[in-house]
Amino acid sequence: MSLLAALALAAGIGVQRLAGMFLLGPVIRRRPALSRVADLIPVAVVTAVIMQLGFASGRTLVLDARAVGLAAAAVAVWRRTPLIVVVLVAASSTALVRLAS
Amino acid sequence: MISFSATSQLAFVAVRAAEGTVVAALVSGWLVASRFGVLSITLSNRLRVRPWERAAAALTAVDPSVALAIQQPSADRVRAVYWRITAFLVVSYLSGITTGLVLGSVIGDIRVWGLDVVFPAALLSIISGMLRRRDGAATAAVAAVVCVVLIPLTPGGVPILGSLLGLLVGLRLRPTAIATGPG
């Protein structure tokens, strides 16, 4: 990546981040009904990131050992186990499936 | 590095590798990063500090730090947790690169150890509080479906933006708790 393109990428991302903090954020704060929007936005975005990391390879949908790990993680989350346990359960079950196949 | 958005850099490199133009690569990098602008909106609501500190927070906001910070009950706690997680992430990010360079050839493929599910599993655990709320669970369910449908159809970044459609359903429901799981 050329230096100029890298700087343009970083600048564009910086502008988006600052606009969210200083322009859009205060608008939402003045309208309390909109605060629930701000609550739910990260849920949607984080869910999408999980799907992308767990069930895709580039632009192809893939069902592999990661799905097993995430299913195990979902059970661990449902059982209210701490984050570190959730992560260990996910990683070890994914590793075991890969070992077996 | 400077944008603290590894996925944007990956998107940029991926488009360039597929012989896309610099402009197309930049746009997809920005699209992938749009979630950080959204995270800043959320953080802006809960972080009550001076402008320079708000700017610094906006520029470093990532999913785990924002998600954990906004679950805190008081403004002081939001601020403390936000910076503690951010410091932890910066240290891990830098030491991760260093460790990768040194141990890369020793450990080999991280997939053997299942390390590629660590990030999504941690994210799942982090949003679990919201998933126990009726509106949060509905939002996540719709977001997941929309994202999976869009992944093969649209360029990188669009599936993540499309997941915001989940809010259309989530906002129609009450933010009441769902009785799930033991305890």
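General observations
- Residues in region B:52-71 that are more than 8 Å from every other protein chain (Cβ to nearest Cβ) and surrounded by fewer than 23 Cβ atoms within 10 Å (Cβ to Cβ): B:W52, B:E53, B:A56, B:T60, B:V62, B:P64, B:L68, B:Q71.
- Residue list for region A:1-21, restricted to those being in a helix (DSSP H, G or I) and more than 7 Å from chain B (Cβ to nearest Cβ): A:L3, A:L4, A:A6, A:L7, A:A11, A:V15
- Test: residue in region B:175-183 that is facing chain A (nearest Cβ under 9 Å), surrounded by fewer than 21 Cβ atoms within 10 Å (Cβ to Cβ), at pLDDT below 95 and assigned to a helix (DSSP H, G or I): no
- Some residue of region A:44-61 being part of a helix (DSSP H, G or I), small (G, A, S), surrounded by fewer than 18 Cβ atoms within 10 Å (Cβ to Cβ) and without any contact (Cβ under 8 Å) to a residue 24 or more places away in the chain: no
- Residue within region B:112-133 that is of a type in the set (D, E) and under 23 Å from A:V37 (Cβ atoms) present: no
The values are calculated or read from the model by the stated rules, or taken from the named source; none is laboratory data. These numbers come from a predicted model, not from an experiment. Positions of Cβ are backbone-derived with ideal geometry, glycine not excepted, and every protein chain shown enters the neighbour counts.
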